[in-house]
Amino acid sequence: MVPLNWYLVLAAFIFSCGLYAALARRNAIAALMGIELMLNAVNINLVAFWRYGEFVERLEGQVFALFVIAVAAAEVAVGLALIISVYRSRRTVNLDELDLLQG
Amino acid sequence: MDWINLLLLPVLRSVALIVVLLTGFAYLTWYERKLLARFQVRIGPNRAGPYGLLQPIADAVKAVFKEEIVPNMADKAVYMLAPALALIPALIIWAVIPVAKGVPAIADVNIGFLWILAIAGIESYGIILAGWSSNNNYSLLGALRSSAQMISYELPLGVFLVSILMLAGGFSLVSLVETPRAWWEWIWLWLMFPLFFICILAETNRSPFDLPETENELVAGFQTEYGGIKFALFFMAEYINMITTSAIMATLFFGGYRLPFGLLGDVIWLGPFVLAAKVIILLFLFIWVRASVGRPRYDQLMQFNWKFLLPVALGYMIITTLLTVFLK
Amino acid sequence: MPGLDALPFPLPTVQQVIFILIAGMTVTGALITALAPNLFHNALGLVLAFFGVAGVYVLLEAEFLAVSQVLIYVGAIATLITFAIMLTRGMMFGRTSSTNRLMLSTAIISALFFLVLTGLLVNVAWPEIGAELAGSEQMIADLGEMFVTTYLVPFELMALLLLAALAGAILLARD
């Protein structure tokens, strides 16, 4: 089998990519994509630890991953709706131009 | 030995499957043109070969030798990728469809149902990419329409599939075909078939749900900027999708490769032919609908899905749950 | 082939080769998502990464999860994202750079995060082999049972959350 830490390193890399995208991109949709990448990395970890853990028959890792997927779906729906309604009123989706509260 | 079983056999089967499907596609175009002609009291293609049987070959030669044009402002890489991405899902769905007793097309995956659901989810990508990369307003509008349509109709389709799954009690399509059903199960299934067929029509962008490519509003929709062999690939994707979905419906609703009442159940080589016959009958339905039903408006299309199909599908699922719990 | 035994490192097994291919695909997708300046290419990279993660799930023998991943992430979430990109396409053809002024520091932090985490991870003695699994059909049945027994309350909460998100999204996106 593939050693567990291969999966963990892969997940760490994806998480870092997501972190960079979420923090450094100006476009709100790109930042949202970064968050999705990070959630995926977490899911890889959950499932990998489940598979290599002691209680394979209890499936906790998979249950958690499914919950994460469902939350991600809800998050994307609301996030994109927010982005589109912001785009309607401000004509931009760049995060650093959305500074109404700065006065 | 290990490698032969692992690699060579699936590759050979895939190649055979692709050859059969491509031939099927070519003659489906002929079948459709002949039938449409009949519906409209015409004769249809009759110049190339007897009964126009060589017409598909003539069309293929024409498509291949056309000049390749790529729009200047197009996103080249994505533009070239899109036709391939449109075609691939239609082909790989076949991996789990059983074609004869104990012989799935490629592999007996025990999650066949989920595979179909998942692939149905990615079918819209080819169209979205085509519409985006062409950098043309008509293409983009066509792609937006089509992805909205596909996402919407995927919901009732998925709910119906879940209902069938509950009746079958397992994820494997092979065991779905092999397990005998009670008479009330068949009737209950067939009650749903017209609605399921409507969802399939919308998913494959077939008339009357061909709004993504309405000629009078959007030129040719997402494929406006495609010509020659690239257009032929989109065309191929649509028709192979028809064949594939017909095979899925034959498997889910009409016993797949089996003859009714278990006739000749031991003759394994008969399986593919029985399946093909059922597919041809179902394809006739597609063409019949195209010849007789007009195209709805876009808002009617959406309203029909969200206000009628989806509630009905959910109700159907609830009743199916009760039936499986109390009658089985 | 006698020469192969003399290699300084063990030859990868078939599974390991598959893992490397899938990981390569996922990493490429993640890099495109993070770094490509064109927003639509980001979305395509994201799709590639999602597919890669589904492949990882298959390798981990969580087939149901893999299919859910394709169905929900690739089929729904990524499609929605491309949809949003098309609807806000006025932003696309970059007058300005695609990154903000935090770019350099974020890049350093992300790289450091990855390096430190990797350094930690490779030095732990993880279990080499997971236990044998029951068949995947049984596993899916168990999974379904867990959702309506042990995890009933979270499951119902999830349904509520999805409903609220649905209603909220419709309300927000309405004209």
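First measure r as the distance between the Cβ atoms of A:Q102 and C:L166, then evaluate 1/(1 + (r/R0)^6) with R0 = 45 Å and state the FRET efficiency to the nearest 0.05.
About 0.90, to the nearest 0.05.
So for region C:40-175, what percent of the C-alpha to C-alpha distances run longer than 18 Å?
77
Against the longest principal axis of chain B, how steep is helix B:9-39, in degrees 0 to 90 to the nearest 10, with axes from Cα atoms?
70
Of B:K34/B:K66; B:K62/B:K230; B:K62/B:K278; B:K101/B:K278, which pairs sit farther than 20 Å apart, going by alpha carbon to alpha carbon?
Too far apart for the 20 Å limit: B:K34/B:K66; B:K62/B:K278.
What number, in percent, do you get for the relative contact order of chain B if the mean sequence gap of Cα pairs under 8 Å and at least 6 apart is divided by its residue count?
Relative contact order comes out at 23 percent.
Mean Kyte-Doolittle of at least -1.0 plus a Cα span of 18 Å or more along the axis: flag which DSSP H helices in chain C meet both, please.
Taking the DSSP H segments of chain C (at least 18 Å long, mean hydropathy at least -1.0), we get C:14-35, C:39-59, C:103-122, C:136-148, C:152-173.
What is the projected area of the convex hull of the Cα atoms of chain A, averaged over all directions, in nm²?
Average of the hull's projected areas for chain A equals 7.7 nm².
Calculated FRET efficiency, A:N94 and C:L21, Cβ-Cβ r, R0 25 Å, to nearest 0.05?
0.10
Helix A:28-52 versus the longest principal axis of chain A: what is the Cα-based angle in degrees, 0 to 90, to the nearest 10?
10
Just the number: Rg to Rh for the protein assembly as shown, Cα atoms, Kirkwood Rh, two decimals.
0.97
Could you tell me how many cubic angstrom of Cα convex hull volume region C:30-112 has per residue?
So the per-residue Cα hull volume is 92 Å³.
Can you give the log10 of the normalised intensity I(q)/I(0) at q = 0.08, 0.14 Å⁻¹, computed with Debye over equal Cα scatterers of chain B?
-0.39, -1.22
Counting other C-beta atoms within 10 Å, which of B:V64, B:V78 has the fewest, and how do the rest follow?
Taking fewest neighbouring Cβ atoms as first place, the list is B:V64, B:V78.
Using label points projected 7 Å from each Cα along Cα→Cβ, tell me how many nm separate B:A77 and B:R38, to one decimal.
Taking the simple label geometry, B:A77 and B:R38 are separated by 4.9 nm.
Taking other Cβ within 10 Å of each residue's Cβ, how do B:E67, A:E36, B:E238, A:E54 sort, fewest first?
Fewest to most other Cβ atoms nearby, the residues stand as B:E67, A:E54, B:E238, A:E36.
Based only on other Cβ atoms within 10 Å, what is the fewest-to-most ordering of B:F25, B:F326?
B:F326, B:F25
Give me the one-decimal nm value for the distance between modelled label points at B:D299 and B:A277, 7 Å along each residue's Cα-to-Cβ direction.
Between B:D299 and B:A277, the simple spin-label model gives 4.9 nm.
For chain A, set up a GNM with springs between Cα atoms under 10 Å and report which of A:L32, A:L19, A:L82 has the largest fluctuation.
A:L82
Kindly state, to the nearest 0.05, the FRET efficiency for C:L157 paired with B:N135, given R0 = 51 Å and r defined as their beta-carbon distance.
That gives a FRET efficiency of 0.70.
List every residue whose amide H lies under 5 Å from the amide H of A:N27, counting only residues 5 or more places away in sequence or on a different chain, with H placed 1.01 Å from N in the peptide plane.
Here A:L95 satisfy the definition.
Scan around B:V99 for amide H atoms under 5 Å from its own, H built in the peptide plane at 1.01 Å from N, and keep only partners 5 or more places away or cross-chain.
Here the answer is B:A105, since their amide H atoms fall under 5 Å of that of B:V99.
GNM on chain B, C-alpha springs below 10 Å: top fluctuator among B:T204, B:T251, B:T29?
Residue with maximal mean-square fluctuation among B:T204, B:T251, B:T29: B:T29.
Angle between the Cα long axis of helix B:271-292 and the longest principal axis of chain B, 0 to 90 degrees, nearest 10?
Once rounded, the angle reads 50 degrees.
Considering chain B as a Gaussian network with a 10 Å cut-off on Cα pairs, which listed residue, B:I268, B:I248, B:I200, attains the greatest mean-square fluctuation?
Looking only at B:I268, B:I248, B:I200, the biggest GNM fluctuation is shown by B:I268.
Cα centroid distance between region B:236-295 and region B:6-49, in Å?
The distance from the Cα centre of region B:236-295 to that of region B:6-49 comes to 14 Å.
Laboratory data are not the source of any read-out in this text; all were calculated from the coordinates shown. From a predicted model like this one, the values you see are computed outputs, not experimental measurements. Quick reminder, even Gly has a Cβ in these numbers, built from the backbone with ideal geometry, and neighbours come from all protein chains shown.
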